[in-house]
Amino acid sequence: MSEQTIPIQTRIQLGPLILKNPVTVASGTFGYGAEFMPFFNIGILGGIVVKGIHPDPRSGHPQPRLVETASGMLNCIGLQNVGVDAFIRDKLPLFDKLDTACIVNINGNSIDEYVSVAEKLTATQQVDALEINVSCPNVSQGGIVFGIDPVMTEKVTRAVRERTHLPLIVKLSPNVTDITAPARAAMNGGADVLSLINTLVGMAIDPIRRRPILSNITGGLSGPAIKPIALRCVWQVHRAVPLPIIGMGGISTGLDAIEFMLAGAAAISVGTANFVDPCAAQRILDEMVDYCRENAVTDIRTLTGALEIDHL
């Protein structure tokens with residue numbers, strides 16, 4: 001049997017969620033899915049995490065809200081979205097035609113808002129899992145971000161867990177001193193899976209105008225520049241919490257993705273690379289399979305946490 005015909009087992013399991021391969025796309029970088037259909041068969045992906053959904057439509061921040069940085073990108077989109085009702089009516093039917101998992105990122109400015117969105121999505125037939133974005137401010141608690149306070153992370157996770165039977169993913173922010181604390185809080189609240197990392201807070205300045213470039217002054221930094229931080233976070237959480245991890249943060253190649261799996265991720269998510277190459281996710285999946293063939297890996301699941309460290 002030639003190297004090219006060696007079958008590779010790509011099916012993975014994230015708690016109760018089964019994906020046909022470990023490649024997903026990050027929320028906010030792939031629209032609602034249909035936007036990328038002209039470029040490749042998006043049904044080949046293990047899962048699609050759609051744009052974050054609120055209870056009501058949001059227009060986001062004014063322009064400018066994207067700026068390229070060294071090896072990365074800053075954004076302050078402001079979670080622009082059509083709202084949960086329009087999403088269910090106009091966007092979700094696409095997944096009736098796709099052989100891939102539909103994962104919906106949910107947002108809210110209070111626990112009640114998260115629960116409201118979760119309940120409506122749970123009542124549909126197309127949604128396979130929910131991803132809680134805990135990087136939103138809790139307006140009822142003075143604007144503190146849910147994901148920065150482990151107590152609030154656990155509360156919002158538990159509230160959603162009690163109102164949905166769907167697999168529950170919690171997306172962690174790296175803008176904390178110890179990322180294992182919110183990871184444990186999410187687990188205690190009933191999360192099935194963790195996804196990390198979300199963007200880091202950064203800013204860009206126009207030195208000629210002496211003004212911030214982004215309309216919101218600060219924004220979320222993503223892309224290859226954050227990959228070393230993301231890898232460290234995945235490795236730390238994998239050692240601290242016994243939940244499957246979707247790793248993300250600067251993945252541009254198949255080898256990047258393999259690094260995340262070795263650090264402890266069971267699946268990966270492609271984000272900023274989608275802006276550079278709309279076929280990036282397809283290419284990364286192909287490159288991961290090529291890596292497996294070239295390195296005698298017949299089951300991709302065996303790569304998770306397989307990092308070899310002599311002194312630990």
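Given the structure, is A70 among the small types (G, A, S) and more than 19 Å from the chain's Cα centre (by Cα)? Show your work before the answer.
Numbers: among the small types (G, A, S): yes; more than 19 Å from the chain's Cα centre (by Cα): yes.
Yes; evaluated as a whole, the condition is true for this residue.
Residues I111, I77: which one is farther than 21 Å from S222 by Cβ and surrounded by fewer than 21 Cβ atoms within 10 Å (Cβ to Cβ)?
From the options I111, I77, the qualifying one is I111.
Which residues, taken from region 280-312, are within 17 Å of P224 (Cα to Cα) and more than 15 Å from the chain's Cα centre (by Cα)?
Correct list: A280, R283, I284.
Kindly check whether there is at least one residue in region 179-197 that is at pLDDT below 95, of a type in the set (S, T, N, Q) and either part of a strand (DSSP E or B) or over 20 Å from E119 (Cα atoms) (or both).
No, every residue in region 179-197 fails to be at pLDDT below 95, of a type in the set (S, T, N, Q) and either part of a strand (DSSP E or B) or over 20 Å from E119 (Cα atoms) (or both).
Out of the residues in region 32-47 that are touching a helix residue (DSSP H, G or I) at 6+ places or on another chain (Cβ under 9 Å) and small (G, A, S), which is surrounded by the most Cβ atoms within 10 Å (Cβ to Cβ)?
Ranking the qualifying residues of region 32-47, first place goes to G46.
If you scan region 265-307, which residues turn out to be surrounded by fewer than 23 Cβ atoms within 10 Å (Cβ to Cβ) and outside any helix (DSSP H, G or I)?
D277, P278, C279, N295, A296, V297, T298, D299, T304, G305, A306, L307
List pairs: first in region 181-208 and of a type in the set (S, T, Y), second surrounded by fewer than 19 Cβ atoms within 10 Å (Cβ to Cβ), Cβ under 9 Å, 6+ apart or cross-chain?
Sorted first by the residue in region 181-208, then by its partner, the pairs are T199/N175.
Among the listed residues V134, V151, V170, V201, which satisfies the condition of being in contact with a Ser or Thr (Cβ under 8 Å, 6 or more places away or on another chain), surrounded by fewer than 19 Cβ atoms within 10 Å (Cβ to Cβ) and among the β-branched types (V, I, T)? If you could, list the steps in order and put the result at the bottom.
Details: V134 fails: surrounded by fewer than 19 Cβ atoms within 10 Å (Cβ to Cβ); V151 fails: in contact with a Ser or Thr (Cβ under 8 Å, 6 or more places away or on another chain); V170 fails: surrounded by fewer than 19 Cβ atoms within 10 Å (Cβ to Cβ).
Of V134, V151, V170, V201, the one residue that is in contact with a Ser or Thr (Cβ under 8 Å, 6 or more places away or on another chain), surrounded by fewer than 19 Cβ atoms within 10 Å (Cβ to Cβ) and among the β-branched types (V, I, T) is V201.
Scan region 228-248 residue by residue and report those that are in contact (Cβ under 8 Å) with a residue 60 or more places away in the chain and either outside any loop (DSSP other than H, G, I, E, B) or under 16 Å from the mean Cα position of the chain (by Cα) (or both).
Listed by number, the residues that qualify are C233, W235, V237, H238, A240, L243, P244, I246, M248.
Could you tell me which residue of region 88-108 is surrounded by the most Cβ atoms within 10 Å (Cβ to Cβ), considering only residues that are under 29 Å from L200 (Cβ atoms) and out of contact with any helix residue (DSSP H, G or I) (no Cβ under 8 Å at 6 or more places or on another chain)?
Looking at the filtered set, the residue picked out is I103.
Does at least one position in region 260-272 carry a residue that is in contact with a Pro (Cβ under 6 Å, 6 or more places away or on another chain), more than 21 Å from G28 (Cβ to Cβ) and not hydroxyl-bearing (S, T, Y)?
Checked region 260-272: at least one residue is in contact with a Pro (Cβ under 6 Å, 6 or more places away or on another chain), more than 21 Å from G28 (Cβ to Cβ) and not hydroxyl-bearing (S, T, Y).
Just need a number here: residues in region 8-30 that are hydroxyl-bearing (S, T, Y) and under 17 Å from T302 (Cβ atoms).
Residues in region 8-30 being hydroxyl-bearing (S, T, Y) and under 17 Å from T302 (Cβ atoms): 1 in total.
Take region 139-155 and flag every residue that is at pLDDT 85 or above and more than 21 Å from the chain's Cα centre (by Cα).
First, the residues of region 139-155 that are at pLDDT 85 or above: 146-155.
The answer is V151, and nothing else.
Output the qualifying pairs, or none if there are none: Cβ atoms under 8 angstrom, residues six or more apart or on different chains, first residue in region 35-60 and polar (S, T, N, Q), second residue assigned to a loop (DSSP other than H, G, I, E, B).
Every condition considered, the pairs that remain are S59/G78; S59/Q80.
Residue by residue, here is whether (1) among the aliphatic types (A, V, I, L, M); (2) at pLDDT below 95; (3) over 13 Å from G72 (Cα atoms) holds:
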position	(1), (2), (3)
R209	no, no, yes
S215	no, no, yes
P224	no, no, no
L231	yes, no, yes
G249	no, no, no
S252	no, no, no
F260	no, no, yes
A263	yes, no, yes
A266	yes, no, yes
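Can you tell me which of (1) more than 19 Å from P16 (Cα to Cα); (2) modelled with pLDDT of 95 or more; (3) touching a strand residue (DSSP E or B) at 6+ places or on another chain (Cβ under 9 Å); (4) not aromatic (F, W, Y) is the one G219 doesn't meet?
The number of the failed condition is (2).
What do you reckon, is L214 in contact (Cβ under 8 Å) with a residue 24 or more places away in the chain, over 23 Å from V50 (Cα atoms) and buried (at least 20 other Cβ atoms within 10 Å of the Cβ)?
Judged against the criteria, L214 is a match.
The values are calculated or read from the model by the stated rules, or taken from the named source; none is laboratory data. The structure displayed is predicted, hence computed values, not measured ones. Every residue, glycine as well, gets a Cβ built from its backbone with ideal geometry; the counts of neighbours run over all protein chains shown.
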